[in-house]
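Report on one structure; see the data block that follows.
The values are calculated or read from the model by the stated rules, or taken from the named source; none is laboratory data. Owing to the predicted nature of the structure, the values given are computational and were not obtained by experimental measurement. Here the Cβ positions follow ideal geometry from the backbone for every residue, glycine too, while neighbour counts run over all protein chains shown. Note: accessible area is taken over every heavy atom of the protein model, side chains too, but ligands, DNA and RNA are not part of it. Shrake-Rupley method; radii C 1.70, N 1.55, O 1.52, S 1.80 Å.
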Amino acid sequence: MLTLTENATLVIKSITGVDGAPEGAGVRISQENPTDPSLAVTTTEAPKPGDQVVEESGARVFLEENAASTLDDKILDAAVDDKGGVEFLLVPQPGAGQNGAVPTA
């Protein structure tokens with residue numbers, strides 16, 4: 001199952017915890033085509049039917065079915081650049097046997 005770094009947890013909580021956001025809002029990761037490595041990351045009020053929910057220290061990530069399968073053995077990390085832009089990065093979990101990082105789109 002996808003795990004979150006402390007940085008990812010903090011970033012997700014900061015972008016979903018803005019004033020006016022509903023309780024339980026999160027980040028949704030989806031993948032249109034399981035053979036295409038492109039992932040979409042959006043903020044949303046709640047998971048959609050069939051989404052897998054990953055919750056860590058108050059940060060919520062909703063994984064669309066294809067994305068959940070693709071990210072099953074990954075760690076989600078995040079950073080904020082000097083201009084306030086958020087960048088998510090996926091890395092293999094230790095022992096997952098995959099090399100390299102997969103940036104999200």
Sort through Leu63, Leu89 and tell me the only one that's at pLDDT below 95 and under 10 Å from the mean Cα position of the chain (by Cα). Leu89
Which number in (1) touching a helix residue (DSSP H, G or I) at 6+ places or on another chain (Cβ under 7 Å); (2) hydroxyl-bearing (Ser, Thr, Tyr); (3) within 23 Å of Pro94 (Cα to Cα) marks the one condition that Thr3 misses? (1)
Residue pairs qualifying under the 8 Å Cβ cut-off, at least six apart or on distinct chains, with the first in the stretch 59-82 being without any contact (Cβ under 8 Å) to a residue 60 or more places away in the chain and the second being polar (S, T, N, Q) and assigned to a strand (DSSP E or B), are Phe62/Thr44; Phe62/Gln52; Glu64/Ser30; Glu65/Gln52; Asn66/Ser30; Ala67/Ser30
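Considering only the stretch 53-85, state which residues are of a type in the set (S, T, N, Q), open to solvent by 60 Å² or more (accessible area, probe 1.4 Å) and more than 17 Å from Asn7 (Cβ to Cβ). Break it down into steps so the answer makes sense when it comes.
Within the stretch 53-85, the subset of a type in the set (S, T, N, Q) is 57, 66, 69-70.
Restricting the remaining residues to those that are open to solvent by 60 Å² or more (accessible area, probe 1.4 Å) gives 57, 69.
The one that is of a type in the set (S, T, N, Q), open to solvent by 60 Å² or more (accessible area, probe 1.4 Å) and more than 17 Å from Asn7 (Cβ to Cβ): Ser69.
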Give the stretch 13-42 a look and list any residue that's out of contact with any helix residue (DSSP H, G or I) (no Cβ under 8 Å at 6 or more places or on another chain) and farther than 20 Å from Thr70 by Cα, or say none. Lys13, Ser14, Ile15, Thr16, Gly17, Val18, Asp19, Gly20, Ala21, Pro22, Glu23, Gly24
Could you check the stretch 5-17 and list, in sequence order, the residues that are surrounded by 13 or more Cβ atoms within 10 Å (Cβ to Cβ) and not in a helix (DSSP H, G or I)? Thr5
When the residues of the stretch 18-49 are narrowed to those that are part of a loop (DSSP other than H, G, I, E, B) and in contact (Cβ under 8 Å) with a residue 40 or more places away in the chain, which ends up most open to solvent (accessible area, probe 1.4 Å)? Pro37
